[in-house]
1. Given H placed on each backbone N at 1.01 Å, which residues far from B:Leu144 in sequence or on other chains put an amide H within less than 5 Å of it?
2. For chain D, take the longest principal axis of its alpha carbons; what is the angle in degrees between that and the long axis of helix D:55-67, to the nearest 10 within 0 to 90?
3. Can you sort D:Met318, A:Met124 so the residue with the fewest Cβ neighbours within 10 Å comes first?
4. Taking the DSSP beta bridges in the range B:176-272 as the whole, what percent of them are antiparallel, to the nearest 5?
5. How shielded is D:253-263 by partner chains, expressed as the average number of their Cβ atoms within 10 Å of its Cβ atoms?
6. For a protection proxy built on the mean count of beta-carbon atoms within 10 angstrom, sort B:149-159, D:203-213 highest first, please.
7. For the range C:58-133, I need the span (max minus min coordinate) of the C-alpha atoms along each principal axis, in Å, sorted largest to smallest.
8. Please report the spacing between the Cα centers of the range C:272-288 and the range B:134-210 in Å, no decimals.
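Where a number appears in this text, it was derived from the coordinates with a stated rule and is not lab data. If you're wondering where the values come from, they're calculated on a predicted model, not measured in any experiment. Backbone-built Cβ (ideal geometry, glycine too); neighbour counts: all protein chains shown.
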Amino acid sequence: MHQVLQTDGTLRAAAPLDVSTTRQLYAAMVAARTYDHKGTTLQKQGRLATYASFLGQEACQIGATGPLRPDDWLVATYRDAGAMWAQGYPWVNLFLGRTGDERGGAAPPDVNVLPPSITVGAHMIHAVGLAWAEQYRGTDRVALTMFGDGATSEGDFHEAMNFAGVFGVPVIFLCQNNHYAISTPRHRQTAAETLAAKADGYGMPGRQVDGNDLFAVYDAVAAAVADARAGGGPTFIEAVTYRLSPHTTADDPGRYRPAAEEEEWRARDPLDRVRRYLEANGEWSPAWQDELEQAAAADVDAAITAAEQLEPLGAAAVFDAVFAEPTPQLLRQRNRAATDE
Amino acid sequence: MHQVLQTDGTLRAAAPLDVSTTRQLYAAMVAARTYDHKGTTLQKQGRLATYASFLGQEACQIGATGPLRPDDWLVATYRDAGAMWAQGYPWVNLFLGRTGDERGGAAPPDVNVLPPSITVGAHMIHAVGLAWAEQYRGTDRVALTMFGDGATSEGDFHEAMNFAGVFGVPVIFLCQNNHYAISTPRHRQTAAETLAAKADGYGMPGRQVDGNDLFAVYDAVAAAVADARAGGGPTFIEAVTYRLSPHTTADDPGRYRPAAEEEEWRARDPLDRVRRYLEANGEWSPAWQDELEQAAAADVDAAITAAEQLEPLGAAAVFDAVFAEPTPQLLRQRNRAATDE
Amino acid sequence: MAQALTAALGHALRSDRDVLILGEDVGTTGGVFRITDGLQTEFGPDRVIDTPVAESGIAGAAFGMAVAGLRPVAEIQFLGFAYPAYDQIVSHISRIRTRSQHRFTAPLVIRIPYGAGIGAAEHHSESTEAIFAHTPGVKVVVPSTPADAAGLLLTAIADPDPVIFLEPIRSYRRVRGEVADPPRPVAFGEAAVRRSGTDLTLVAYGAMVPDTMDAADDLAVAGIEAEVLDLRTLVPLDYDTLLDSANRTGRVVLVQEGHRTCGFAAELAATIQEEALYSLLAPVTRVTGWDTVVPLRRAEHHYVPSPERIAAAGRAVMEA
Amino acid sequence: MAQALTAALGHALRSDRDVLILGEDVGTTGGVFRITDGLQTEFGPDRVIDTPVAESGIAGAAFGMAVAGLRPVAEIQFLGFAYPAYDQIVSHISRIRTRSQHRFTAPLVIRIPYGAGIGAAEHHSESTEAIFAHTPGVKVVVPSTPADAAGLLLTAIADPDPVIFLEPIRSYRRVRGEVADPPRPVAFGEAAVRRSGTDLTLVAYGAMVPDTMDAADDLAVAGIEAEVLDLRTLVPLDYDTLLDSANRTGRVVLVQEGHRTCGFAAELAATIQEEALYSLLAPVTRVTGWDTVVPLRRAEHHYVPSPERIAAAGRAVMEA
Ligand SMILES: Cc1ncc(C[n+]2csc(CCOP(=O)(O)OP(=O)(O)O)c2C)c(N)n1
Ligand SMILES: Cc1ncc(C[n+]2csc(CCOP(=O)(O)OP(=O)(O)O)c2C)c(N)n1
Ligand SMILES: [Mg+2]
Ligand SMILES: [Mg+2]
């Protein structure tokens, strides 16, 4: 398993990033965690429908998007708000989605990030199609797709990997192996020794990295992106990490995993590690940390306010976003709905 | 690639079978080929709907079923008539299916062979379920499932392999890599170096064998069966072979492959190889060959006659085989159909 | 209703060793709705099986088990996640009896929570029972009460053919009622008359039954006595009760949460006018979900038929 | 009709570099029905793409391409093999516009040969258009003539939304007719009146249109003048032409090859009685395939509506 930054903040290999970029990415990790905490809190207050925390997976989310260009594609899941935001998807959209509002899915025009995938497994082939289109057009854009260990069991994962391999499509598969799919542990998800071992069956390089190590994730994704841009085709990366939170706010991890295991992983917190590294290099201070947290909280709070102030969609809007132009079927139904109300 | 019997009929390793069993299996290969030729001929005469020949794949079909017990399960495809017959599925059923008669799917009560799968990829998980049921009940029956190189691209292949791995189910996956899925060559089906390489991603042993070598196929399947019976779980076997015929009688291989390639493979005919071996051991004679061919032709002809003499299903039969008891919906429709006619 | 289902599953597992349960998270956590809660502890991980995340695999493996003679009860977490299993259902589970002319059969149950009303995320609010009703070879069951849920489930498990068993999500905790211990089987193909009436017929099933009853109460206040039929099973369908009521009242409102076009109410309307046209005093009217994606929490109420919409349709039919 | 489709695809590929074709065996061999014959030679393997055997992958990849702005035309070999792609269609292709509130769209076409009548193997004779009509967010097109096939296909490729394009297998070689070069686009949502008549209305689409025309000829011999409507697109549906004809004749026979329960004819019957009840002189009658698996070659004729069955229904409706 590829590791660069150790739990104590010391390096095992050369850092793939200069200090100023490291500081930026650390700031992003702090912002992501701020949003994440807020999400859990708001859901408890009944202001969000459900919330899927990515607590403990911040190195994956920020490390993976770090090497992307703003015009690259990202196709991720309900658990990847941190990565989506880092790639330009606004917090307000993420909150909107969580309150149960379709407008959360409307990324700004210049943001090439698809709405989060709620279904498990179906979206990786979308990234393949997007990357294939870019390849066809001769751009050097790539697509990054993120998914969990559970998603590797779906048939669509297989078809996506296989298409990417056959057509040499510029796509990066980033699997966050956070050890559980809801209650099902990784070793009951597949008998494969590692998830990375699956790549070989598609003629694709597969790498396993420490998913709580910002540098390792960045490193692996950067190499894969460079490869893909240069026409080298797809790469599969297994980032080994852990979901410190429940699956969603409706879940009780006490039913399926020992508290001691959580504790063990808490000690491998991906933020602590970068903080220690920066601190050792004289690049971190409690004051800066406060500054980061306050700025992030302000951003996140503003996004919540904006989301909650938006009037809910009216009945007509429900009918008008099915097709570019409503069909006669929909027009009749829209009228009927208007009469009924 | 595992090989025992070379093209010239000499052994590369010890034969896994005694001479008398080898003679039996050779006789089965001759019977299978007799049926296969007849199938192609009858279709040209318009007496079958379509026909999918397995010419050149007889070592796979007879070698794979050789190690099975009569009470084991077989779940195979439209191209596996030879294997199905060897496992007890009557020629008459196979012909009936090909004439377009549902009664072809009704295996005799003691034959644990499912009707041939027409869909590509969906049936391997059925074998997993069957084998799982046997494991649950504590029998030592196994399930053998046969499919092509193309089928490995379907999502259901992946889910079947993964379930088998996770639950240690006594199932043997036999992939006949005959180099084409209709017109698509093996190297455009997947970028994996070999199909056997896919097994690793499911924590399952994967073996590649010479699929035109009766002994190699028998050997590999026998080992896998022994393993499965003993609780050792599933095995994936890639049998490398070649379809010497068109995909079906509706196909023209001239559109997608060079005649020279066919010739090359014709020289590796799986029957010739066993014949040479037997001949070298004084166990083959032209007279015996005639005897085998005539016996097979008689069997096959009798089956055709039986199939063609059966009156087609009447309208009522169409409604009465949907459920154990027709629903009110079906009863109304059956009445209506009777009135209409 | 949730507890009734748990009780029925426990009873089935206890009564017959051929019954087993498989699905995502059904074991350790007892399923996302806790319907299988405690069953793995009682019956062990070989009979209450946590599977990988793969719906087609679950359906296909259950199929193989059923062909081998077991009685698997598969769970799919939400109807929106059953579509990956659709091919296994349509192409194999529903057809093996025809394909093998009764030689092989697939006596299995697929339990699927369905329906909107809890403000869930996308894909968690589907009511596409019509695609199963359109599939020859599977039975389609949609209970509305705890006793029916338990009783129909026992019948489903005992049935010699595959059953799609749709459980109304918003009734899990909201709808309460007595259930015998052990639960009493409820026969397929017998609609329940939930309320007698002479002025018009309201037809519903599953999650829409309570709302339809509320609508009937509303109408009664206005002096309109509605008969309320709860179909309980869509396949097989109880034509007798349906047509008898339609012939008596001459006015019918069909209630369905699913999308309108080609929904089950379309089938009912087509059938009623085919067989009872001359009794009809007004067009058979449908109150349905729309041909839109089910809206998310903030706009969901625009989609799901409400007691008000049902009552309004009832009044309109009376005035026609 | 086969040649008309090939011509339309060639024209679309020539006119717009964003158009590309993908599917199993569409390249080297030109597809199992040779609809894409010669196109890979003309446009190259990057635009006419042979894929692995994986329908969900084909649909999902086409989806990604379409979101990126291309105009992919995917081919599934038979409707019976489209079910593995059903999840991609229902859960993603049909919904991305709603999900993203118009920010992302999926302007793609999935071409699928459908229908019985050539005595093919199991799974090769499906007519399950209803499950797509029941799916919000996809258009459903079923041509019956060569000019319509070509013209509707061009409209489908130009359409900003996903289109399920069902091609009647038995019409590929049997139905012939003039097609302009280049083919003229045919608008969606406009039923064609294939025959005018005043006594009753026969409604059909796709493969059933020629048989329905034959039935109308039979009826004419008996002095019954039937109007024949060819819907051409099920979504969008041309209500005006349908209801106008139903109101004029008061007698309607709906013809559909698909399974009866929840088929498209159910939707039409429900709609007609909802909106034209008081014009009806007889129940709207359905002539359909049955709720059985489509029988194999030797018994197929028991299933597929024949001109005789259609004509018999027409006579019955006249006598009602
Ligand atoms: C097709 C489908 N099946 C089931 C679900 C229900 N479900 C939601 S998340 C989840 C587990 C996914 O696990 P994993 O891929 O490891 O991602 P994680 O949640 O751990 O990030 C399941 C089964 C779903 N959303 N989609
Ligand atoms: C799900 C599905 N998709 C497509 C087809 C059409 N089809 C029939 S055979 C075939 C090729 C299968 O190739 P392979 O698995 O290599 O088996 P082979 O025919 O070579 O024995 C295809 C695509 C099908 N039958 N089922
Ligand atoms: Mg996980
Ligand atoms: Mg092959």
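1. Here B:Trp73, B:Leu74, B:Val75, B:Ile172 satisfy the definition.
2. Value to nearest ten degrees: 70.
3. Neighbour counts put them in this order, fewest first: D:Met318, A:Met124.
4. Working: 2 of 9 bridges.
Roughly 20 percent of the DSSP beta bridges within the range B:176-272 come out antiparallel.
5. Working: counts 0, 1, 0, 0, 0, 2, 6, 10, 20, 19, 5.
Mean partner-chain Cβ count within 10 Å for D:253-263: 6.
6. Numbers: B:149-159: 29.0, D:203-213: 27.0.
Descending mean neighbour count gives B:149-159, D:203-213.
7. Computed over the Cα atoms, the extents are 45, 21, 15 Å.
8. Here the answer is 54 Å between Cα centres.
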